[in-house]
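One structure is given here, and the rest of the page talks about it.
The values are calculated or read from the model by the stated rules, or taken from the named source; none is laboratory data. None of the values given here were measured: they were computed from a predicted structure. Cβ: placed from backbone, ideal geometry, glycine included. Neighbour counts: every protein chain shown.
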């Protein structure tokens, strides 16, 4: 990982101590089989079908995410075949237009939300703990919740497809076409609610991937020495935390507009359809890089192994990842070059869109340099790597072309863009993922593949892909727009479309063969050698297939730099690493510091539970009630959700003191209940960061509609300032006093006398809730009259939700106190609550200020 | 003027050879200065991109063989940052230069209106006696710049005549301006380029460029023809 | 713990300055065009362009300051904050320079 030369273990330890790094002595070796049995008893899923429901293990769930994503890829692919069949002839009568529109909308939505994102989440969830040297993700129940939300959301969308009421307004769902007037029926609601439901899983995965990478690396694995894949996934998950909220906000606003008539996008009442486009693409462009980064992480992992060398330019690649994470948020307007924005603004985004090619180029050249420095061997994963180069570089170059404003004016919304985006997504995601699949299949199944099938699949896919999409560039330049189902007057497009259609079927055969190859390997393959590629990373330092606990003992500084990973395998299995076995009969792993990965404390994980399934089921109930228009009945569903979240929180508490754990000779670590900064602490910060992005998107919408939208002015505000200001002041004061209360309670708890402060906090937070309710229900203008009032209604709702959450925290803390869970330095929920309370106070202040600056209060 | 025609001939020759038949919606057979400049930009970018693509392929191919020791910074900094920034700067300069020349600044002599609805176009243009309204046919004079004011009735559409200029969206609540010019009299096909519902594929229109001496006298006659089969919604 | 978080913050500082500057200039541009700031003249250009140029200059200065502050290049740990500052400076320069060469609205 860090040092290429084969230093002996002792001299390596000496080098470490010279550079100020720390050392952890080894534990005495034990019998590997006994450790395996003890750990399996603690970590394994429940037996039988129950085990499928209650599993929270990252290996199980990661694989399940990827398998489900593959199924959706197949469904999305079949939809693509239908599209290509329709377009094979100019007057195709294969599908009627309504159905065709549903199919291309679902093709895009499925590939984006139900294939690509869950696939990369699954890869991260499966791979990261193994690569970083830990036993599970930070929040195993959250992994399971994410999976169920993804599955249920996906099933709702699929159900709509089979019932003939699938979304039909394009995967971008532009208003006003997707508004209530032009899209009556539940088609658009299916998209808005289904996708938002699936996004819960994306946010959940992003939070825990971030926390896992920052806090669970093997002790001594510095941030600047961790496998590059982890850097890529860190960048991806931070982008998901910041990038999904704008779409969630946009979907919520559009759903409110459709269901309750609050205008956000409707011109006649002060809304603006361009607000949807801004919010959608503020998500939509980062989305492309969210998909590309994990794939690039796969390439940075596989290429050096296939070339028997190590990656070239680690530092430059990390810098490129940082640059991509940021720059990708400055490109969204290049999807909107034709909406009539002034040229200078387009120029900013054009320049930023070109600039994003630089960090991409740095990586491509670093990969090529790695190949020069090593000796490339043409194993099957390397075929897909070459397929990546061939395809992605062309997609990148057409992307540079499309970043130029004038060319974009011609090519926008034509088949040229269809070609470009497939070159980027299949080149930049599907080929690397196929490389990953062929590379890690021995690790996943413990079996070697059957020769020949994979190579054939690769060639058929490559030929099919380029045959389909290369000509599509020309089709677009000859004027064929996207999303049309017939072209009777344009004979010049016939042979181009027919070519695309024929080769698309070739490509499909290739993908089917690829799936067959995976199936054959999993069922018929011979036993694979351990670490068949001689890879250096820890994911190969475990038994094949991976046991439920990954590592019998966790790799410490002395076992980290094994290159290849094989030398670390035996000592780890014998328990010579940190925190061996499961002597306390509970799931434990090590939590380390963000930078140098110094051991901080031992986290105790919850075991198998069906709670995530019930919670996802309750959310699904809410979504279905919304879809069917039974808005009143959503209230009991939401109550059920809240009750289950309470139940969830109960699973995190303890009424006992836990003695420190001896993780290695002389290394005694506290258990997380007593830790200063637990995983929950880091996770809360991540979640609030995402929540902040949501709030910032809301403020952006408010500023946009107030300052830029040319629509009709808002009517004179009904509410005189004198009556609204006191209510707003009460909200802020209540939340501020709550923030003081939670701090007082924390001090009081040390002396076991916190009741007064907790009651005080509960009351003032409830008062704030009451005040915002009075404000919203009694004092504010009807939100259906104008966008200004609708936005104010949303701001009030946001503040009310947070006041409710803070009140809930206070009640939960009181309950904890009653049970004796807040004592002896165990602060229970108080720290998490304090973060939420401060966040709620800050957003309430900003919301109030924004409403006042909007004018008319 | 003659050199211009020669260029146009070269430009249209390639896709003609490829497609082998008419190219009435081809952005590569420009019939006006806006489309022509974008087409030039395209051919330039195509040439540059092909060279870059070839470079990458050659570098990848050369990696197969004995290991070679090239300093890492030469890959990441020299090629990755320096070289790519230099190329991209040229691209950006070309894009801004062409873009700024195509943006309507000030007002053109002729101004027409295009109003999109589900699923058709209503055009308003000068006729012999005041403004004339037509459906799915727009009349302009050849050889001079025309500003099209694009608006929408219901959902978002886009006005696109590939041989004359790039596209511009018709957004409810906004007025967008597109400048185009047809060098020669003739008929130019146009369509809606933004997905707008089930009628999206059947929203074509035609731009008729009249010799400037016949314009706007010639407008009425054709307008009446078009009117008879038109009829909003 | 704090040291690692601080270091991450240093790496992200440069690009974050770009993000803030880019968002500020874009917001000033959109607001100015909608509110007619373009027509208000000052001795050194319109109020609109002046406001955008000031925001741009502030961003460039801040990135320059970071470059002076993060001078180490010896280890990867030291070099990354400096690379971050370069990313911020380069991106701010490249993505916003159109504001001095194009008409505003």
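Quick look at the numbers
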item	result
Any chance residue A:417 is in contact (Cβ under 8 Å) with a residue 40 or more places away in the chain, within 8 Å of chain B (Cβ to nearest Cβ), under 18 Å from residue A:477 (Cβ atoms) and in a helix (DSSP H, G or I)	no
Residue count for segment A:252-288, restricted to those that are outside any helix (DSSP H, G or I) and surrounded by 23 or more Cβ atoms within 10 Å (Cβ to Cβ)	8
Members of segment C:84-105 found to be at the interface with chain A (Cβ under 7 Å from one of its Cβ atoms) and touching a residue at least 60 places away in the same chain (Cβ under 8 Å), listed by number	C:84, C:87, C:91, C:95, C:96, C:99, C:104, C:105
Only listed residue being surrounded by 22 or more Cβ atoms within 10 Å (Cβ to Cβ), more than 10 Å from chain B (Cβ to nearest Cβ) and at pLDDT 95 or above, chosen from A:354, A:346, A:299	A:299
Residue among A:507, A:472, A:480 that is at pLDDT 95 or above, facing chain B (nearest Cβ under 9 Å) and either out of contact with any strand residue (DSSP E or B) (no Cβ under 7 Å at 6 or more places or on another chain) or closer than 20 Å to residue A:170 by Cβ (or both)	A:480
Candidates A:158, A:145, A:132, A:228 - the one that is in contact with a helix residue (DSSP H, G or I) (Cβ under 8 Å, 6 or more places away or on another chain), closer than 20 Å to residue A:119 by Cα, within 14 Å of chain B (Cβ to nearest Cβ) and modelled with pLDDT of 95 or more	A:228
Flag for residue B:95 being assigned to a helix (DSSP H, G or I), under 19 Å from the mean Cα position of the chain (by Cα) and surrounded by 17 or more Cβ atoms within 10 Å (Cβ to Cβ)	yes
Residue in segment C:35-45 that is touching a strand residue (DSSP E or B) at 6+ places or on another chain (Cβ under 9 Å), more than 10 Å from chain A (Cβ to nearest Cβ), in a loop (DSSP other than H, G, I, E, B) and surrounded by fewer than 21 Cβ atoms within 10 Å (Cβ to Cβ) present	yes
Selected residue [free of Cβ contacts under 8 Å to residues at least 60 places away in the same chain and either within 30 Å of residue A:266 (Cα to Cα) or over 15 Å from the mean Cα position of the chain (by Cα) (or both)] from A:82, A:114, A:87	A:82
For residue B:136: the one exception among (1) in contact (Cβ under 8 Å) with a residue 40 or more places away in the chain; (2) touching a helix residue (DSSP H, G or I) at 6+ places or on another chain (Cβ under 9 Å); (3) within 12 Å of another protein chain (Cβ to nearest Cβ)	(3)
Count of residues meeting criterion [without any contact (Cβ under 8 Å) to a residue 60 or more places away in the chain and either within 11 Å of another protein chain (Cβ to nearest Cβ) or under 13 Å from residue B:159 (Cβ atoms) (or both)] in segment B:199-213	1
Of the criteria (1) surrounded by fewer than 23 Cβ atoms within 10 Å (Cβ to Cβ); (2) farther than 15 Å from residue B:205 by Cα; (3) out of contact with any helix residue (DSSP H, G or I) (no Cβ under 6 Å at 6 or more places or on another chain); (4) more than 8 Å from chain A (Cβ to nearest Cβ), which one residue B:146 fails	(1)
From the options C:28, C:54, C:50, residue that is more than 7 Å from chain A (Cβ to nearest Cβ), part of a helix (DSSP H, G or I), under 16 Å from residue A:343 (Cα atoms) and without any contact (Cβ under 8 Å) to a residue 60 or more places away in the chain	C:28
Breaking point among (1) closer than 15 Å to residue B:123 by Cα; (2) buried (at least 21 other Cβ atoms within 10 Å of the Cβ); (3) within 11 Å of chain A (Cβ to nearest Cβ), for residue B:175	(2)
Any hit, segment A:210-224, residues being within 14 Å of chain B (Cβ to nearest Cβ) and either under 14 Å from the mean Cα position of the chain (by Cα) or in contact (Cβ under 8 Å) with a residue 24 or more places away in the chain (or both)	no
Verdict on residue B:161 being more than 10 Å from chain A (Cβ to nearest Cβ) and crowded, with 19+ Cβ neighbours inside 10 Å	no
Qualifying residue in segment A:500-518 (condition: in contact with a helix residue (DSSP H, G or I) (Cβ under 9 Å, 6 or more places away or on another chain) and over 22 Å from residue A:426 (Cβ atoms))	no
Answer from A:365, A:326, A:337 - the residue that is in contact with a helix residue (DSSP H, G or I) (Cβ under 9 Å, 6 or more places away or on another chain), crowded, with 24+ Cβ neighbours inside 10 Å, under 25 Å from residue C:30 (Cβ atoms) and within 8 Å of another protein chain (Cβ to nearest Cβ)	A:326
Criterion (in a helix (DSSP H, G or I) and within 12 Å of chain B (Cβ to nearest Cβ)) met by exactly one of A:520, A:496, A:516	A:496
Selection count, segment B:33-76, where residues are more than 9 Å from every other protein chain (Cβ to nearest Cβ), within 36 Å of the chain's Cα centre (by Cα) and surrounded by fewer than 20 Cβ atoms within 10 Å (Cβ to Cβ)	9
